[in-house]
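Okay, so here's the structure we're looking at.
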Amino acid sequence: MTMTHDFYVVNEETAEALFHMSIHDAVIDYIDEQIGVSHNLFYSVPTINPCYAKLSIANALPNQIGFSYTGLTIVNAHCVDGMERMIQQWLEVINALRHTRYYYHLASVPQDELHQLTSKELEVLKECYFDKAVICQQLTACLEHLPMLKEHYILRHEGI
C-alpha cells in the first residue's frame, strides 16, 4: 500500500480534474525532519473541511488550519497565498537536498545496524526513495496551476 497525499486541481462545476500531483508521505516526513513539524506550512495553511462548508466550496472561507493528514481537505481562492508559501517552502527544503535521491527507509537505520545488513536487505531498503528532480517538477507544476483557483477551481487534497 502506497502512502501518498494526492492533490488535484478540479473544476468545481464539472468535477473535471485538470492537474494531479501525488506526494509520497515520506516527502512530508523529510520536510518535517529538516525544518520541524511546527515550521512545516502543511500544518498551518488556511484550508476548508468540505463537511462544514456552507456555500459552494469555491466561495467558502477557510474553516480550518492545515491539511487533514488522512482525510479530504480543500484549498480555494481564499487559501492560495498560504498554499503558494507552502509549496515554495517545500521547494527550498527539497532543493537543499545534496543527493538526487533520498532513501527514506535507509535514513532511519542507525549506522551500526546499517553495516550488519545483507546486500539483499540493503537492496530492498534502497527500493524506497523519492527523486529530488521529480518532486521539484511536481511542486513547480502545482504552483503554476494555483492561479486557476481564482476561477471556479479548487484544489482537493486526499490524505493517506
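The values are calculated or read from the model by the stated rules, or taken from the named source; none is laboratory data. What you see is a predicted model; the values in this text were computed from it and never measured. Here the Cβ positions follow ideal geometry from the backbone for every residue, glycine too, while neighbour counts run over all protein chains shown. With ligands, DNA and RNA removed, areas are computed over all heavy atoms of the protein, side chains included. Shrake-Rupley method; radii C 1.70, N 1.55, O 1.52, S 1.80 Å.
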(request) Report in % the part of the accessible area of region 4-158 that belongs to carbon and sulfur, leaving out ligands and nucleic acids; probe 1.4 Å. (result) 52
(request) Considering Cα pairs under 8 angstrom that are at least six residues apart, work out the relative contact order of region 97-156 and quote it in whole percent. (result) 42
(request) Work out, step by step, the length gained on full extension between Thr2 and Leu106: first 0.36 nm times the residue separation, then minus their alpha carbon distance; give nm to one decimal. (result) 35.7 nm
(request) Compare Gln138, Gln89, Gln111 in a GNM of the chain, Cα atoms joined below 10 Å, and give the one with the largest fluctuation. (result) Gln111
(request) Return a whole-number percent for the relative contact order of region 4-158, with Cα pairs under 8 Å and 6 or more residues apart as the contact set. (result) 33
(request) Using a cut-off of 14 Å between beta-carbons, work out the net charge of the residues near Gly159 (Lys and Arg +1, Asp and Glu -1, Gly159 not included). (result) -3
(request) Give me the angle, in degrees from 0 to 90, between the Cα long axis of helix 80-95 and the longest principal axis of the Cα atoms of the chain, rounded to the nearest 10. (result) 10
(message) Assuming 0.36 nm per residue, please report the length gained on full extension of the stretch Leu91 to Asn49 beyond their Cα-Cα distance.
(response) 12.6 nm
(message) Probe of 1.4 angstrom, ligands and nucleic acids ignored: what's the accessible area per residue over region 36-134, in square angstrom?
(response) 61
(message) Can you give me the convex hull volume of the Cα atoms of the chain, divided per residue and expressed in Å³?
(response) 117
(request) Mind pulling the angle between the C-alpha long axis of helix 25-35 and the longest principal axis of the chain? Nearest 10 degrees, somewhere in 0 to 90. (result) 80
(request) Quick one: net charge around Ala26, please, counting Lys, Arg +1 and Asp, Glu -1 for every other residue with C-beta under 13 Å from its C-beta. (result) -4
(message) For the chain, set up a GNM with springs between Cα atoms under 10 Å and report which of Phe42, Phe130, Phe67 has the largest fluctuation.
(response) Phe130
(request) Determine the relative contact order of region 1-95: mean sequence separation of Cα pairs under 8 Å and six or more apart, normalised by residue count, in whole percent. (result) 22
(message) Can you give the longest run of the chain that contains no trypsin sites (Lys or Arg not before Pro) sitting in a DSSP loop with at most 10 other Cβ atoms inside 10 Å?
(response) 99-160
(request) Determine how large the accessible area of Thr14 is when every protein chain is in place; take a 1.4 Å probe and give Å² rounded to the nearest 10. (result) 90
